[in-house]
Amino acid sequence: MKNRQTRDQALFHNQWNAELYECNHAFVSQLGADLVELLSPQKGERILDLGCGTGHLAHAIASNGAEVIGIDAASTMVEKARSYYPTLHFEVRDATNLQFVEEFDAVFSNAVLHWITAAEQVVAGIWQALKPGGRFVAEFGGKGNVQAIVKALGETIRAAGYPVHLSWYFPSIGEYSSLLEKHKFEVTFTSLFDRPTPLNEGEEGMRNWIEMFAHSLFQEIPAEQQIGIMTKIEDQLRPKLYQDGIWFVDYRRIRVVAVKV
Ligand code: BEZ
């Protein structure tokens, strides 16, 4: 138990550890492959991959002959992307301060925009980055995303006497379409759908997911209480999200295609 405790405590400091992300969460970019089909990148197009992570989807887009710039706020991710794909261009950049002006035929984004509550700033920057007639193709967490996990985290951590500040952005179709229209986009496609996603690490799966994506909630919790709280969260989630030795994440995705008119 002592070893386990030491390991758990250490992992809570691993924000955007690119190695850990690649080992346990590669499914994020694998599931984005059909979003690249929706983007339908064309030879010669200039495309911005907003939140490129370790660069796999930027590579898929570039392999169709498009010129891709991948940006990510995490330097660890950008370093990894550069090491995987040295011929592609990756930059550390903040999505709320893009500063591109009419440079791109398309802006693409997979599994990133739910991290950014300043959604209006992001949309304004994307609009400015696109050439007239350019398209924005994105998928991220939509209304109801990871609902059971959010509930279990909130209830358990609050019951233990600690605050819960989740800053995730999961808009409905109506909310996000209105935001896009306010910024003069024409919304041509939207979809909101469940995507229950298996984690491939057996009994440790949910704990690893929480360590990777929700570790900030544990920052104020003393190390000696973290394991107990995590175990209660798992117990609450088990009937809903654990089947035959496999944990599932109750993802719900919003997809949009919008054109700069
Ligand atoms: C998501 O991909 O939907 C997600 C990832 C981490 C935290 C919350 C949501």
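The values are calculated or read from the model by the stated rules, or taken from the named source; none is laboratory data. Note that the structure is a prediction, hence the values are computed from the model and not measured. Glycine also receives a Cβ, built like all others from the backbone with ideal geometry; neighbour counts cover every protein chain displayed.
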Q: Give the residues of the stretch 167-194 that are surrounded by fewer than 14 Cβ atoms within 10 Å (Cβ to Cβ) and within 16 Å of the ligand (Cβ to nearest atom), sorted by residue number.
A: 167, 191, 193, 194
Q | Counted residues, the stretch 221-261 - those being more than 30 Å from residue 132 (Cα to Cα) and of a type in the set (A, V, I, L, M) | A | 10
Q.
Can you report the number of residues in the stretch 218-257 which are outside any helix (DSSP H, G or I) and either on the phi < 0 side of the Ramachandran plot or within 16 Å of the ligand (Cβ to nearest atom) (or both)?
A. 18
(Q) On the basis of being more than 13 Å from the ligand (Cβ to nearest atom), touching a residue at least 24 places away in the same chain (Cβ under 8 Å) and under 17 Å from residue 192 (Cβ atoms), does residue 138 make the cut? (A) no
Q) When only residues in the stretch 103-114 that are surrounded by 19 or more Cβ atoms within 10 Å (Cβ to Cβ) and more than 14 Å from the ligand (Cβ to nearest atom) count, which is nearest to the chain's Cα centre (by Cα)? A) 108
Q) Going through the stretch 141-151 one residue at a time, which ones are over 27 Å from residue 37 (Cα atoms) and either surrounded by fewer than 22 Cβ atoms within 10 Å (Cβ to Cβ) or more than 13 Å from the ligand (Cβ to nearest atom) (or both)? A) 147, 148, 150, 151
Q.
Need the failing condition index for residue 201 against (1) modelled with pLDDT of 95 or more; (2) farther than 30 Å from residue 40 by Cα, just the number.
A. (1)
**Q.** Qualifying positions in the stretch 61-81 - surrounded by fewer than 16 Cβ atoms within 10 Å (Cβ to Cβ) and more than 14 Å from residue 39 (Cβ to Cβ)
**A.** 75, 79
Q. Of the residues 246, 227, 221, which single one is more than 19 Å from residue 146 (Cβ to Cβ), over 20 Å from the mean Cα position of the chain (by Cα), among the β-branched types (Val, Ile, Thr) and surrounded by fewer than 17 Cβ atoms within 10 Å (Cβ to Cβ)?
A. 227
Q: Residue by residue through the stretch 199-217, note down the ones that are away from the ligand (no atom under 14 Å from the Cβ) and either among the aromatic types (Phe, Trp, Tyr) or outside any helix (DSSP H, G or I) (or both).
A: 200, 201
Q: Please identify the pairs in which a residue from the stretch 196-211 that is over 14 Å from residue 245 (Cα atoms) has its Cβ atom under 8 Å from the Cβ atom of a residue that is among the acidic types (Asp, Glu) and at pLDDT below 95, counting only partners at least 6 apart or on another chain.
A: 208/201; 211/8
Q. Would a scan of the stretch 115-126 turn up a residue that is away from the ligand (no atom under 16 Å from the Cβ) and without any contact (Cβ under 8 Å) to a residue 24 or more places away in the chain?
A. yes
